[in-house]
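Only the coordinates and a few stated rules stand behind these numbers; no lab work does. Here the structure is a predicted model, which means the values were calculated and not measured. Here the Cβ positions follow ideal geometry from the backbone for every residue, glycine too, while neighbour counts run over all protein chains shown.
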Amino acid sequence: MELAAKHNCHPASLAVAWVASHPVVTAPIIGARNPDQLDGSIKSLEIDMTPELRNAISALSPEPPPATDRSEEGTEHSFFMR
């Protein structure tokens, strides 16, 4: 929240802009229960996600380990091995 306040934006706007700036994300999935929440997500389009800002946001939490959803490929559990 402090970082969002420093950049004069809503935390949700900053979060959506950060997700959208990831090179493998084609479109962030947003959800809103009311117009105010939707407005916060839409305002993410106004944020200039510089490399410095992206790094500052990324530094707020540890990077997750690589996905393991494909670790079964090439094993007896794989659809292709049947």
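For the stretch 16-55, just say rounded, prolate or oblate: build the C-alpha gyration tensor, square-root its eigenvalues into a ≥ b ≥ c, call rounded for a/c under 1.5, and beyond that prolate if a/b exceeds b/c, oblate if not.
It is oblate, given that a/c is not under 1.5 and a/b is not larger than b/c.
MET49 versus MET1, label points 7 Å from Cα toward the beta carbon: distance in nm?
That separation, rounded to one decimal, is 2.4 nm.
Taking the Cα of ALA59, stepping 7 Å toward and past its beta carbon, and measuring to each backbone N in the stretch 11-44: which are under 14 Å?
none
Which order do VAL24, VAL16 fall in if you start with the one that has the fewest other Cβ atoms within 10 Å?
Listing VAL24, VAL16 from fewest to most nearby Cβ atoms yields VAL24, VAL16.
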